[in-house]
Structure formats: structure tokens, C-alpha cells
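The values are calculated or read from the model by the stated rules, or taken from the named source; none is laboratory data. It should be emphasised that the depicted structure is a prediction, and the values quoted were computed from it without experimental measurement. Glycine gets a Cβ as well: all are built from the backbone with ideal geometry, and neighbour counts include every protein chain shown.
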Ligand code: FES
Ligand SMILES: [Fe+2]
């Protein structure tokens, strides 16, 4: 309660402060946004307690009683499927004295028993067992009021589970708006036929000593940092032995930066002039044949949309992904201003042949995660950038986000495709920072806005 009051009184001042720190007219952002402990504390309340957050995938809790322990902002939560097959997300903290009721990463259980004094909760979160209920409580404890705290809203979108603590937040689909079009490329099966995907293997978890926004803004569309991956490109560990990935589909394509500044999401994409099927995955016959088949089906199922080659993206605030080659989901869980926990899920078509899954498993982990060559490059940058931004002198100098400001991009010819979002053709310019500016515009709104009436800006005018 004290924290809530403090943040509310800060808001008056914070509006002005945040406005000065995120100066989108000038294209500058103060380093305080990344390193200041008060800003970080305010983020927990203003952002992580109100936004929709990615929790996990339904394939992780396929059976009744299955659970997966996830995180929302700093807080541990339990994703679980109850006896009626309903999916829930609970705060992983006992209603009696706060003990973590589940200290495993995942598993299956009929009840969550608190190890401290023994209260136990059913998989629907209800308090079902209280030691000495007759003697110590004289049966007067109202168990119906002391279940596990549950999120206000939950959404299972194409197998991906999302939740928010805020009952006044718009529905998940309204929250993502037109971004749904691009998110679908991640969550659909490769052939676009609407089959099931699944999380393959475990979730990789590791700590990166930098603020969570470094990776979030990188994945939203940092085309500019390819120099960082030069050595990996030279090694050539892509699925056909070149570069980091099979890049042929990007050749001759129009490069697009796509931003949703009213919502904070963003992605990169490439629009191909044709929908020719290119050879890929040449390291393995079974795999290359499987993907050639999927690509042919994809053209039937997506039609003209199969010309769109989706790139990395960030769904505001802290879920990022690579939609293909490799197809992974990551969440950057804040752990103090100077650290975050990175979690990475590997998504795969459920009915893909075992050899394809095994091939992709090797490729995915050599690309992404703490042992992944590409991600190691990125982590090196984020670690040192954060560390070199903490000193009193460093904090006087803002970061530069001016790329692409002050001149017009060539028009985008989507050739009949109705592509949502603020789309910029960056084929000639090579890169812009419009997506990062969109992200921080939304971040400042969350940090200042008193409620969802103020945050749902799209309801007042044009929609994205
Ligand atoms: S803290 Fe869980 S039963 Fe006391
Ligand atoms: Fe990178």
C-alpha cells in the first residue's frame, strides 16, 4: 500500500520527468530510464502490474494437474490446468504468510501444499486444506476468501498464454490490435494450416546483467547491429551452411520496419516480390523436404501473405521472438534495474517428424540462448552498454535514437496487402529507429497514465 501511494504521488512529478527523459522530438532518451532504481520501482507498478504479459504455452500444461512456474514482472506465478481443464495463473505466494507454494519449475500435482504451515490449494487455486482447522480456527476461517491470488484476465491465443493483473485492461486482442497479423506468423504452424505448435524441450533461463529494455528494444527492430554478428556470419552455421540463417528469402525483398506506437509493439519484415519457393535447410534431406512441403502448403493457406517474410519483434513490454529460423519466444523478466532473467521457449510444429525436431533443436540452441552464438554477441553488447551507463558522468549523456528522423522514406508498395501498423520502407536506408521510438513512446505513456482509460488511446481516434 505504501508503495502504491508513493507511486501515485510521484506521478504528478513523474509526468514531467518522464517527458524530459524520453524526448522523442529530439530523439534522445536519458540513461536514467535504464539505471535509476526509482524509475525501475515505478515500472513494476505502472507497467508490469497493468500490461498483458506472456506466461507460457498450453503445450507445457497439456494434462489436468500440469503446472509451469512462470513470472510476471518480478513476481513468481503458477500457470496450471485444473481438474476441469481450465487454465489458471496464480501468484506463487501463500495467502497465510507468503511462502512460495511451489518451488519446482514444472510438474503435475493434485494440490499445492505450502511447506511452511501446511495450507494446501487445489489446482483451481481454492484453499482446500488448513491444519488444525477445527482446533485452532474453530472452523471459522472463511476458506473461500483465502485462495491463491489469481490474475484478473487470461487469454489463450493460438496456444500462447497471456495474463494481466488489471481487470480494467482491454482484452488481449484489443491490446495487440493490428499486431495480431504479425504475431500469427510466430504462433501458426509452418504450413499456415492452423495445426498445433508445442514448446520443444525445456525453457532456457539465464541472467543477463543489464536492464530488461536492452533486449526488448533490440528485438523490436535493431537492423543496425548486424556488425555485432559478423563473426557468426563468417562461421556459417545456418541451416544450409551459410550465414546465421537461410537468407535467400530476404534477397530482392523490400525491407519494412513496422511499428505500433500507440501500443508499443514492433517488428521487422521483408516483402518478397514473388512467392517462389526457395531451397532451404540443405544440411538434411528429410528436413529440406519437410520444409519444402510446408512452404508449398503455406502458399495455399496464406495466399499473397506468403510473400511476407516475418522478422524479429517485441510485443510490448517484454515478450520478444524470432518467428522462423529459429522460432523462439523470449521474455525479459526484470530483476532490478541492473539485471534481468532471460527465458527462452523453442516453438516447433507438433506434428513435425522427429528428425526435423531434432535438427531444429540443435540449430535453435546453437543460435539462441546462453550457449547460442548469435545471442552471445548480443549479450556482450548489452552487458557492457549497461555497465558503462551507470556512472554519474555517463548518466548526464542521453542515448541517441535519431536514426530515420527528419526525412521521408520511399513509399511502401504492399501490392494489395492490407498491412497494419506504421510501415516504413527501409530498403534504401538500411535501418531506422522508428520501432524503438514507438516502444519508448508507449513506455512513457504507461509510466505516466493514471489508468487504462488514459492508456487506451486508440479508442479516441484512428486504430492501428
Ligand atoms: S505461509 Fe503457507 S501455510 Fe503459512
Ligand atoms: Fe542480435
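Of the residues making up segment 236-261, those that are within 15 Å of ligand 2 (Cβ to nearest atom) and touching a helix residue (DSSP H, G or I) at 6+ places or on another chain (Cβ under 7 Å) are 237, 243, 244.
The single condition among (1) under 30 Å from residue 441 (Cα atoms); (2) surrounded by fewer than 20 Cβ atoms within 10 Å (Cβ to Cβ) that residue 273 does not meet is (1). Taking the condition within 16 Å of ligand 2 (Cβ to nearest atom) and loosely packed, with under 15 Cβ neighbours inside 10 Å, does residue 227 pass? For residue 227, the condition - within 16 Å of ligand 2 (Cβ to nearest atom) and loosely packed, with under 15 Cβ neighbours inside 10 Å - is met. Within segment 367-378, if we keep just the residues that are buried (at least 19 other Cβ atoms within 10 Å of the Cβ) and in contact with a strand residue (DSSP E or B) (Cβ under 6 Å, 6 or more places away or on another chain), the residue that is nearest to residue 312 (Cα to Cα) turns out to be 368. Of all residues being touching a residue at least 12 places away in the same chain (Cβ under 8 Å) and over 30 Å from residue 51 (Cβ atoms) in segment 247-266, which is surrounded by the fewest Cβ atoms within 10 Å (Cβ to Cβ)? Just the residue, please. Result: 252. Looking at 293, 362, 340, can you tell me which residue is more than 13 Å from the chain's Cα centre (by Cα), crowded, with 19+ Cβ neighbours inside 10 Å and either in the same structural domain as residue 191 (by TED's automatic domain parsing) or modelled with pLDDT under 95 (or both)? When all the criteria are applied, what remains is 340. Annotation note: of 118, 129, 125, the sole residue that is closer than 30 Å to residue 446 by Cβ, within 15 Å of ligand 1 (Cβ to nearest atom) and touching a residue at least 12 places away in the same chain (Cβ under 8 Å) is 125.
The criterion of at least 2 residues that are within 16 Å of residue 222 (Cβ to Cβ) is met by the following strands (runs of 3 or more DSSP E) wholly inside segment 309-405: 319-322, 328-334. Residue 186 meets all of the listed conditions (1) outside any loop (DSSP other than H, G, I, E, B); (2) within 12 Å of ligand 2 (Cβ to nearest atom) but one, namely (2). So which residues in segment 170-186 are in contact (Cβ under 8 Å) with a residue 40 or more places away in the chain and either within 21 Å of residue 297 (Cβ to Cβ) or crowded, with 21+ Cβ neighbours inside 10 Å (or both)? Residues satisfying the conditions are 175, 176, 179, 181, 182, 183, 185, 186. A count restricted to segment 413-427 and to residues that are touching a strand residue (DSSP E or B) at 6+ places or on another chain (Cβ under 9 Å) and assigned to a loop (DSSP other than H, G, I, E, B) stands at 9. Within segment 419-464, the set of residues being within 19 Å of the chain's Cα centre (by Cα) and more than 18 Å from residue 29 (Cβ to Cβ) comprises 421 only.
Of the candidates 191, 233, the single residue that is away from ligand 1 (no atom under 16 Å from the Cβ), assigned to a helix (DSSP H, G or I) and in contact with a helix residue (DSSP H, G or I) (Cβ under 9 Å, 6 or more places away or on another chain) is 233.
Has segment 34-48 got any residue that is out of contact with any strand residue (DSSP E or B) (no Cβ under 7 Å at 6 or more places or on another chain), within 22 Å of residue 150 (Cα to Cα) and in a loop (DSSP other than H, G, I, E, B)? No, the conditions are met nowhere in segment 34-48.
When residue 386 is tested against the conditions (1) closer than 30 Å to residue 242 by Cα; (2) in contact with a helix residue (DSSP H, G or I) (Cβ under 7 Å, 6 or more places away or on another chain); (3) within 16 Å of ligand 2 (Cβ to nearest atom), the lone failure is (1). The residues of segment 207-224 that are part of a loop (DSSP other than H, G, I, E, B) and within 13 Å of ligand 2 (Cβ to nearest atom), listed by number, are 220, 221, 222. Which condition from (1) within 24 Å of the chain's Cα centre (by Cα); (2) touching a residue at least 12 places away in the same chain (Cβ under 8 Å) is the one that residue 240 breaks? All conditions are met except number (1).
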